[in-house]
Amino acid sequence: MLRIPCPFCGPRAEIEFRCGGEAHIRRPADPDALSDAEWADYLFMRGNPKGVHFERWFHAHGCQRWFNLARDTVGDRILAVYAMGAEPPAGLRREAEVRGDD
Amino acid sequence: MRRYSIFTLARNALTGHRDWPRAWRSPEPRSRYRVVIVGGGGHGLATAYYLAKEHGIRDLAVLEKRWLGGGNTGRNTTIIRSNYLHDESAALYDHALRLWAGLSRELNFNVMYSDRGVMMLAHNPHDVQIFKRHIHANRLNGIDNEWLTPAEAKAYCPPLSIDRTARYPVAGAALQRRGGVARHDAVAWGYARAADSLGVDIIQNCEVTAIRREGDRVTGIETTRGSIAVEKLGIVVAGHSSILAEMAGFRLPIESYPLQALVSEPVKPIFPCVVMSNTVHAYISQSDKGDLVIGAGTDQYVSYSQRGGIQVIEHTLEAIVELFPIFSRMRMMRQWAGIVDVTPDRSPIIGRTPVRGLYINCGWGTGGFKATPGSGHLFAWTIARDEPHPVNAPFDLDRFASGRLIDEAAAAAVAH
Ligand SMILES: Cc1cc2nc3c(=O)[nH]c(=O)nc-3n(C[C@H](O)[C@H](O)[C@H](O)COP(=O)(O)OP(=O)(O)OC[C@H]3O[C@@H](n4cnc5c(N)ncnc54)[C@H](O)[C@@H]3O)c2cc1C
Ligand SMILES: [Zn+2]
């Protein structure tokens, strides 16, 4: 079980949280302008990386607030926690891209 | 291939079982093959076998990064059934179920397929309605599935508690008598041995690290044991599908989650069938060795850790103990996880990809062991002819753009 550092309540057991899946997926501003393939990419395609993953968590049985979290999916180590709407920490973003290229 | 029989068994018994031949060669990889299959799980090995046997393609290798069946094939709870809701899924899974019946003879390898029946428990009015809908839909598709009252369910599986005061009382069950279990390792080994005897190179400890393309066509791969040129490439790597797709430059609608199972200490035969409960997340059968084989749920987050959270198995064991109070004092011996490849509609993807000559078979998620023979058979057809078999045609990658999903997620909640 993960120990998740809620930015509002501090570290708590994973059973208090719901994982909201991959972060930073933006709903396209003008869906009508997209091809079916582009719409499918938004709806269904996922990064699913073996390495740094940016994801959303919800502290359901606590403060009831959402936040973003970066985690290494190989060993599940939590690397950073940051606010909804913020960009992931620059160093981790670079690491995610480098892994993505190999 | 030297055939196995009662006579070879007797002869080898006389020499203390020291002289059995190796079941397959382990050749060095060549620098080019007509077809390479990535992934030495059951699905990849079955694909190779049917490519060689039914399509005459022998210039063929299976590359496995670790050992045969060391992925989900060797980690699963081996529940086999075909009573899926939608017409497309019923056709797909029953295609496999019909192959299971003759598989040991086909491969000359005892895969220990046992059609002891799979009973799915209903616990509330919603379950009852859904299961009856399944039963009617299955009947229209010629697939056996029958409704049992709680008393009939108990008669079929005596350890089951049908106590009305239980937290999740049993309201009835759907039984597929042709369903059952098989020995997971034997399926991988049986296909490997049979494919090898048809000239297929089975190569372990060989990881694919890159995929080469020229324009929109695949031309070769890099591996930890050298580069290999290919005409066609089949990817069958379950939880690692997104990684291989990314090497080839396209994305998949897949997320990978740890799914857990555990086994108890071995005991004498007590549990005659397979029981599943999607509502309380419990899957249980007894292996021929005597241990109870118990399947649990997935973690809630994407991971490649092959470990799984303790609360997930706790939840399952609570349900098991409630349904089968007789097991409350049994000790659990081992726990593990496999990384399962889950699609948005909980149906697999078997077909062509945006890269020419590159085919993918993935997305079986929590429930692909049952499909192993059928999946290999259909994927071999797809690779050999560069077009899908009618049974797997609906399971293409394009369905996520066209919107023609095959939604077994809503139908089953959990897929096993
Ligand atoms: C705990 C658990 C319980 C399950 N219970 C059931 C059940 O009861 N019934 C059911 O029908 N299904 C069940 N499943 C699902 C089932 O196990 C899978 O759907 C099925 O076994 C997938 O088979 P496969 O051959 O596609 O994948 P795998 O057996 O995982 O084979 C894929 C192989 O690809 C290899 N590979 C990965 N990357 C590379 C690379 N880069 N180069 C070379 N090789 C690579 C891996 O090492 C692996 O051996 C369960 C799964 C788990 C984890
Ligand atoms: Zn909180």
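I'd like the antiparallel share, as a percent to the nearest 5, of DSSP beta bridges with both residues in chain B. If you can, show how the numbers build up before the last one.
Details: 46 of 66 bridges.
So the antiparallel bridges in chain B amount to around 70 percent.
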Which ³J(HN,Hα) values, rounded to whole Hz and listed in residue order, are derived for region B:355-360 from phi using the Karplus coefficients 6.51, -1.76 and 1.60 in 6.51 cos²θ - 1.76 cosθ + 1.60 with θ = phi - 60°, glycine and proline given as x? 9, 5, x, 10, 10, 10
Give the distance, in whole Å, between the Cα centre of region B:279-332 and the Cα centre of region B:128-173. 21
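Quick one: putting +1 on the C-beta of Lys and Arg, -1 on the C-beta of Asp and Glu, what dipole do you get for the protein assembly as shown around its Cα centre, in Debye to the nearest 20? Numbers along the way, then the final one.
Working: 61 positive and 56 negative charges, 311 e Å.
Computed charge dipole of the protein assembly as shown: roughly 1500 debye.
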With 0.36 nm assigned to each residue of separation and the Cα-Cα distance removed, B:ARG404 to B:GLU318 gains 27.1 nm
Taking 45 Å as R0, compute the FRET efficiency from the Cβ-Cβ separation of A:LEU43 and B:ARG32 and round it to 0.05. 0.70
In Å, what Rg and Dmax follow from the Cα atoms of chain A? 15.0, 43
Alpha carbon Rg of region B:158-307, scaled by the compact-globule rule 2.2 N^0.38 Å: 1.45
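When B:MET112, A:MET45, B:MET333 are ordered from fewest to most other Cβ atoms inside 10 Å of their Cβ, what list results?
Details: B:MET112 18, A:MET45 21, B:MET333 12.
So the residues, fewest neighbours to most, are B:MET333, B:MET112, A:MET45.
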Find which of A:VAL52, B:GLN300, B:TYR49 sits farthest along the positive direction of the dipole of the protein assembly as shown, computed with +1 on the beta-carbon of Lys and Arg, -1 on that of Asp and Glu, about the Cα centre. B:TYR49
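For B:ILE254, B:ILE310, what ranking results if the residue with the fewest other Cβ atoms within 10 Å of its Cβ goes first? Don't skip to the end; give the middle numbers.
Working: B:ILE254 26, B:ILE310 12.
In increasing order of surrounding Cβ atoms, one gets B:ILE310, B:ILE254.
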The answer for GluC sites (Glu not before Pro) in region B:151-221 that fall in a DSSP coil and have at most 12 neighbouring Cβ atoms within 10 Å is none
For helix A:90-101, what angle does its Cα long axis make with the longest principal axis of chain A, in degrees from 0 to 90 and rounded to 10? 50
With label points set 7 Å from each Cα along the Cα-to-Cβ direction at B:ASN108 and B:THR219, the distance between them in nm comes to 4.2
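Can you say what percent of the DSSP beta bridges in the protein assembly as shown, counting only those with both residues inside, are antiparallel? Round to 5. Write down the numbers at each step before the final one.
Values: 65 of 85 bridges.
Beta bridges within the protein assembly as shown, antiparallel portion: roughly 75 percent.
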Once the Cα atoms of helix B:87-101 and of chain B are each reduced to a long axis, what angle between those two axes, in degrees from 0 to 90 to the nearest 10, is obtained? 80
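What is the Rg over Rh value, at two decimals, for chain B, using alpha-carbon atoms and the Kirkwood definition of Rh? Before the final figure, lay out the partial values.
On the way: Rg = 21.3 Å, Rh = 21.9 Å.
With Rg and the Kirkwood Rh in hand, the quotient comes to 0.97.
What longest range of chain B stays clear of loop-exposed trypsin sites (Lys or Arg not before Pro) (DSSP non-H/G/I/E/B, at most 14 other C-beta within 10 angstrom)? Kindly include the intermediate steps, with their values, before the conclusion.
Details: sites that count: B:ARG2, B:ARG3, B:ARG18, B:ARG22, B:ARG25, B:ARG30, B:ARG66, B:ARG164, B:ARG167, B:ARG225, B:LYS289, B:ARG329, B:ARG331, B:ARG404.
The segment B:67-163 is the longest one with no such site.
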Straight-line reach from B:LYS65: which aspartates and glutamates have a Cα under 18 Å away, not including same-chain ones fewer than 8 places off? A:ASP102, B:GLU28, B:ASP185, B:ASP196, B:ASP201, B:GLU207, B:GLU222, B:GLU246, B:ASP341
Cysteines, chain A, no other Cys beta-carbon under 4.7 Å: A:CYS19, A:CYS63
Starting at the first residue of region B:46-63, write each ³J(HN,Hα) from the Karplus equation 6.51 cos²θ - 1.76 cosθ + 1.60 with θ = phi - 60°, in whole Hz, x for Gly and Pro. 5, 4, 4, 4, 6, 4, 6, 7, 9, 10, x, 8, 10, 7, 8, 9, 10, 10
Which of the aspartates and glutamates could be linked to B:LYS132 by a straight reach, that is with a Cα gap under 17 Å, when you skip same-chain ones fewer than 8 residues away? B:ASP87, B:ASP144, B:GLU146, B:GLU152, B:GLU408
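Against the 2.2 N^0.38 Å scaling, with N counting residues, where does region B:157-226 land? I'd like the Cα-based Rg ratio to two decimal places.
Normalised Rg, Cα atoms only: 2.16.
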Reciprocal mean inverse distance between Cα atoms of the protein assembly as shown - Kirkwood radius, Å: 24.1
Show which lysines lie in cross-link reach of B:LYS289 when reach means a straight Cα distance below 26 angstrom and same-chain residues fewer than eight apart are skipped. B:LYS154, B:LYS268, B:LYS370
Name the residue from B:PRO325, B:SER256, B:PRO150 whose Cα lies farthest towards the positive end of the charge dipole of the protein assembly as shown, charges +1 on Cβ of Lys and Arg and -1 on Cβ of Asp and Glu. B:PRO325
Modelling each spin label as a point 7 Å along the Cα-to-Cβ direction, I'd like the B:SER161/A:ARG94 distance in nm, to one decimal. 5.8
Quick one: which residues, 5+ away or cross-chain, put their amide H under 5 Å from the amide H of B:ALA122? H built at 1.01 Å from N. B:ALA171, B:GLY172, B:ALA173, B:ALA174
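Only four residue types carry charge here, +1 at the Cβ of Lys and Arg and -1 at the Cβ of Asp and Glu. Report the dipole size of region A:16-99 about the Cα centre in Debye, rounded to the nearest 20. If you can, show how the numbers build up before the last one.
Working: 12 positive and 13 negative charges, 82 e Å.
Taking the Cα centre of region A:16-99 as origin, the dipole is about 400 debye.
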Distance between modelled label sites at B:ARG25 and B:THR209, nm, 7 Å Cα→Cβ extension: 2.7
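In chain A, once you exclude exposed trypsin sites (Lys or Arg not before Pro) (DSSP loop, at most 15 other Cβ within 10 angstrom), what's the longest stretch remaining?
On the way: sites that count: A:ARG26, A:ARG65, A:ARG77.
Longest gap between qualifying sites, sites excluded: A:27-64.
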Tilt of helix B:372-385 relative to the longest C-alpha principal axis of chain B, in degrees (0 to 90, nearest 10)? 30
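Quick note: the coordinates plus some simple rules give every number you see, no bench work behind them. On a predicted model such as this, the values are computed, not experimentally measured, just so you know. When we count neighbours, we look across all protein chains shown, and the Cβ atoms used for this are built from the backbone with ideal geometry, even at glycine.
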